[in-house]
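Q: Here it is, the structure, as structure tokens.
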Amino acid sequence: MSTPPSPRPVALVTGASAGIGVELARLLAVDHDLVLTARRAKQLRTLADELKQKHGSACHVFPADLADPAAPRQLFDAVQGAGITIDVLVNNAGFGDLSPFTKSDLGKTLRMIQVNITALTELTGLFLPSFVARNYGRILNVGSIAGFQAGPFMAVYYATKAFVNSFSEALHSELRKTGITVTVLCPGPVATEFAAASGMQTTRVFSAGQAMGPRPVAEAGLNAMKAGRRMVVPGWRNKIMLFLERFAPRGVVIRAVKWMMSRRL
């Protein structure tokens, strides 16, 4: 892989106001300048101040709600207008919702698809041409082990992560032997506000000892990205589970997921 065009490359991190996104930004700030984006401007500015003080990073804050179909293009135009060249794109933003599909809020479901799939795809499509022109760039997409099977009670969320996993692997293959790499990070349960926001904290998935912390998940993702790897699944439990799934009938796997996604009594 070719070397970055400047001593301190610039990384754009979506969903940088909490959870894995915050830890990704903190780790990248050691040797990157940053563009931080998320809905919550206050949290972004607090993080930017922290990273400037600790690492001397130039941190540009561009608040955006990627559930708005116009937001990805507006974000891209704002970055371009500021004269910032992006070397690393981290598509981390995403959310879920625990609910049987027949009882779910359809508007929220469509916003989930917009954030988890459409915005990720559009941002990749907008920034990738400049990577190709310079023959350099790194993309880290945050998928999930949820993308390897169907997920009753979170049917659309699981489906969006299947897209992210598949899309990322395909791009990795397309861009092989260029100066551009694409890596997909596939965590299992992570102890962040995602669980409470999605309603998953009441499920068996988030039973004691199952959720990883966001820091080791972010470290695994960035190490894999820097190595140019196609995919990384952090955590030995997650690796074992995915290995065993290969030998189980798909119907059995779906029933197991349904049990795990049901609420604890």
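Readers should treat all values here as calculations from the given coordinates under stated rules, not as data from a laboratory. Just so it is clear, the model here is predicted, and its values are computed rather than measured. Neighbour counts are summed over all protein chains in view; Cβ atoms, including those assigned to glycine, are modelled from backbone coordinates with ideal geometry.
Q: Excluding residues fewer than 8 places away in the same chain, name every one of the lysines whose C-alpha is closer than 17 Å to that of Lys52.
A: Lys42
Q: Further question on the same structure: State, in angstrom, two size descriptors of the chain derived from its alpha carbons: Rg to one decimal place and Dmax to the nearest whole number.
A: Answer for the chain, Rg first and Dmax second: 18.0, 55 Å.
Q: Next question. I'd like to know which of Gly221, Ala67, Gln80 lies farthest towards the positive end of the charge dipole of the chain, counting +1 on Cβ of Lys and Arg and -1 on Cβ of Asp and Glu.
A: Gly221
Q: What FRET efficiency comes out for Thr102 versus Gln80 if R0 is 45 angstrom and r is the Cβ-Cβ distance? Round to the nearest 0.05.
A: It comes out at approximately 0.55.
Q: On to the next question. Report the calculated FRET efficiency for Ser262 and Arg8 (r = Cβ-Cβ distance, R0 = 35 Å), to the nearest 0.05. Can you show the working numbers first?
A: Details: r = 48 Å, r/R0 = 1.37.
With a Förster radius of 35 Å, E is 0.15.
Q: I would also like to ask the following. Tell me, in nm to one decimal, what length is gained between Met231 and Arg40 on full extension, where the rule is 0.36 nm per residue of separation less the Cα-Cα distance?
A: Length gained between Met231 and Arg40: 65.8 nm.
Q: Measure nothing fancy, just the Cα-based angle from helix 19-28's long axis to the longest principal axis of the chain, in degrees from 0 to 90, nearest 10.
A: It is inclined by approximately 30 degrees.
Q: Angle, helix 41-55 long axis vs. longest principal axis of the chain, Cα atoms, 0 to 90°, nearest 10?
A: For helix 41-55, the angle is close to 60 degrees.
Q: Could I ask something else about it? Enter the Cα centre distance for the pair region 103-136 and region 67-88, rounded to the nearest angstrom.
A: So the two Cα centres are separated by 12 Å.
Q: I've got another one for you. Please label the shape of region 8-77 as rounded, prolate or oblate, based on the square roots a ≥ b ≥ c of the eigenvalues of the alpha-carbon gyration tensor (a/c under 1.5 means rounded; beyond that, a/b larger than b/c means prolate, else oblate).
A: prolate
Q: If you don't mind, there's one more thing I want to ask. With everything on Cα atoms, drop me the angle between helix 214-226 and the longest principal axis of the chain, reported from 0 to 90° to the nearest 10.
A: 60 degrees
Q: Across region 92-109, in residue order, what do the Karplus-derived ³J(HN,Hα) couplings come to in whole Hz, using 6.51 cos²θ - 1.76 cosθ + 1.60 with θ = phi - 60° and x for Gly and Pro?
A: Each residue's phi maps through the Karplus curve to give 9, 4, x, 8, x, 8, 8, 5, x, 4, 5, 10, 7, 7, 4, x, 5, 4 Hz.
Q: Run the helix sum for the chain: -39,500 (n - 2.57) per DSSP H stretch of 4+ residues, divided by residue count, reported at 222 nm to the nearest 500 deg cm²/dmol. Working shown, then result.
A: Details: 10 runs with 120 residues, N = 265.
One gets -14000 deg cm²/dmol as the mean residue ellipticity at 222 nm.
Q: Looking at the chain, send over the antiparallel percent of its DSSP beta bridges, to the nearest 5. All intermediate terms of the calculation are to be shown ahead of the outcome.
A: On the way: 1 of 25 bridges.
Bridges in the chain that DSSP calls antiparallel: roughly 5 percent.
Q: Here is a follow-up. For Val30 and Asp65 in the same chain, what is the full-extension length gain: residue separation times 0.36 nm, less their Cα-Cα distance, in nm?
A: Values: separation 35, 0.36 × 35 = 12.60 nm, distance 2.66 nm.
That works out to 9.9 nm of additional length.
Q: Let me ask another. Can you tally the net charge around Glu23? Count Lys and Arg as +1, Asp and Glu as -1, for every other residue whose Cβ sits under 10 Å from the Cβ of Glu23. Mind showing how you got there, number by number?
A: Working: positive: Arg26, Arg215; negative: Glu219.
With Lys, Arg at +1 and Asp, Glu at -1, the neighbours total +1.
Q: Collect residues whose amide H, placed 1.01 Å from N in the peptide plane, falls under 5 Å from the amide H of Gln149; neighbours closer than 5 in sequence don't count.
A: none
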